[in-house]
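The values are calculated or read from the model by the stated rules, or taken from the named source; none is laboratory data. Predicted model only: the values in this text are computed from it and were never measured. For neighbour counting, all protein chains shown are included, and Cβ atoms are generated from backbone atoms with ideal geometry for every residue, glycine included. Only protein heavy atoms, including side chains, enter the accessible area calculation; ligands, DNA and RNA are left aside. Shrake-Rupley method; radii C 1.70, N 1.55, O 1.52, S 1.80 Å.
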Amino acid sequence: MPYRSRITGTGSYAPEQVLTNFDLEKKVDTSDEWITERTGIKERRIAKDEAASDLCLEASKQALQAAGVKPADIELIIVATMSGDMPMPSTASFLQKKLGAKHAAAFDLNAACSGFLYGLSVADNFIRSGAMKTILLVGAEVMSKFIDWQDRSTCVLFGDGAGAVVLERTTGQRGILSTHLYSDGNMWDYICLPGGGSQNPPSLKTLKNKMHFVKMKGNETFKVAVRTLEKLVLDTLKKNNIKPSGLAMLIPHQANLRIIKATAERLHLPMSRVAVNLDRYGNTSSASIPIALDEVVREGKIKKGDYILLESFGAGLTWASALIKW
Ligand code: UT7
């Protein structure tokens, strides 16, 4: 029997501090009404002194406990993030130390909001190839540190959080059926954080020009996202010979409720079968899908044998999907 990977444990964590739309009304020229109507977001969590690896640690502990896996059994830790502890070493290395996962290799992966699904594909392929049996994958972001809190077009959107999954080798029918990864770098400037890398190294000029903050062409991105995701979800189901009606749950990246609804409509899926949590967390980028997955698992909304579709869209531009038989 060929190897397959299966998610055997999930976990999630978000910082305690809550920032509501009403709090934001006091900081920038915005309103709860605008944010709710245009995005669906009501509040988000903001890290105080916690770094990405601290968020990872809490989510990972839960996922490991749910899977019944000890830190020493982990062979690889992948952290999908674009707001890691520091550019080097990797946040995955910090997490390895904090968990005491002494036998694990560790690296970060940056595919922006698609990072978790890119990581899922990498982990799945390591396991399918027979190279590894047990992998910890985390999506974690502390986007609040890279947001211009005077820019109303971005500061209302993002939040901090982490979600983790443990993937284990199986030869059964359940598990990850397929993953699909895409990118178009021509649209790199739709969402970017231009300062701090080798193109624009940190300097007084990059600080002065606010180049260390997220920039986004929101409306342009919105249009590409809706179009791209509609095709992506239909293609993913077709590849697996599954009709939309056979889907138990859609777990989309949580950027905008209007985008999520458009994708659900394309699949003729009632919103009761769509995981939505951006009202409470905002856009947590690579953490949004694993947080949503952990919530539906813990609420008992998915059961053994259910087909679940995960999809994402973000900076790069990148987009990705995965079909899972739970
Ligand atoms: O996670 C990665 C992927 N990201 C996405 O997929 C995000 C996709 N984009 C979006 O979700 C939406 O485009 C936004 C929520 C970012 C913006 O919504 P929109 O309906 O596309 O609004 P817009 O950017 O076209 O702006 C409409 C108006 C503008 O005013 P004028 O020019 O019409 O007078 C903005 O200046 O809304 C104004 N505006 C705001 N008003 C109040 C922009 N931000 C705000 C704000 N509060 N926070």
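List of remarks:
- Sequence-distant contacts, meaning Cα pairs under 8 Å at least 6 residues apart, place the relative contact order of the chain at 25 percent.
- For the chain, the dipole from Cβ point charges (+1 on Lys and Arg, -1 on Asp and Glu) about the Cα centre works out to 880 debye, to the nearest 20.
- Net charge, Tyr281 excluded, C-beta distance under 14 Å - Lys, Arg +1, Asp, Glu -1: -3
- The largest-to-smallest principal axis extents of the Cα set in the chain are 58, 46, 37 Å.
- Cα convex hull, the range 177-325: 122 Å³ per residue, rounded to a whole number.
- GNM top mover of Ser272, Ser286, Ser144 - the chain, alpha-carbon springs below 10 Å: Ser272
- Exposure of Phe116 as accessible area (Å², to 10), given a probe of 1.4 Å and all protein chains: 0
- Normalising the average separation of contacting C-alpha pairs (under 8 angstrom, six or more residues apart) by the number of residues puts the relative contact order of the range 176-324 at 36 percent.
- Under 10 Å, Cβ to Cβ, from Gly84 - net charge with Lys/Arg +1 and Asp/Glu -1: -3
- The average projected area of the range 4-173, computed from the convex hull of its Cα atoms over all directions, is 10.5 nm².
- Within the shell of other residues whose beta carbon sits under 12 angstrom from the beta carbon of Gly195, the net charge comes to +3, with Lys and Arg scored +1 and Asp and Glu -1.
- Cα-centred dipole magnitude for the range 1-61, charges only on beta-carbon of K, R (+1) and D, E (-1), debye, nearest 20: 480
- Paramagnetic label zone (point 7 Å from Cα along Cα-to-C-beta, Arg298; backbone N under 15 Å) in the range 156-181: 161-166
- Cα centroid of the range 69-99 to Cα centroid of the range 107-144, whole Å: 11
- Computed over the range 231-304, relative contact order equals 32 percent, with contacts defined as Cα pairs under 8 Å that lie 6+ residues apart.
- Annotation for Asn209 and Glu16: the two label points, set 7 Å from Cα along the Cα-Cβ direction, are 4.1 nm apart.
- Full extension of the chain segment joining Leu234 with Gln199 gains 8.9 nm, where the gain is 0.36 nm per residue of separation less the Cα-Cα distance.
- For the range 169-192 versus the range 289-321, the gap between their alpha-carbon centres in whole angstrom: 12
- Overall, the range 4-173 carries a charge dipole of about 820 debye about its Cα centre when +1 sits on the Cβ of Lys and Arg and -1 on the Cβ of Asp and Glu, all other atoms neutral.
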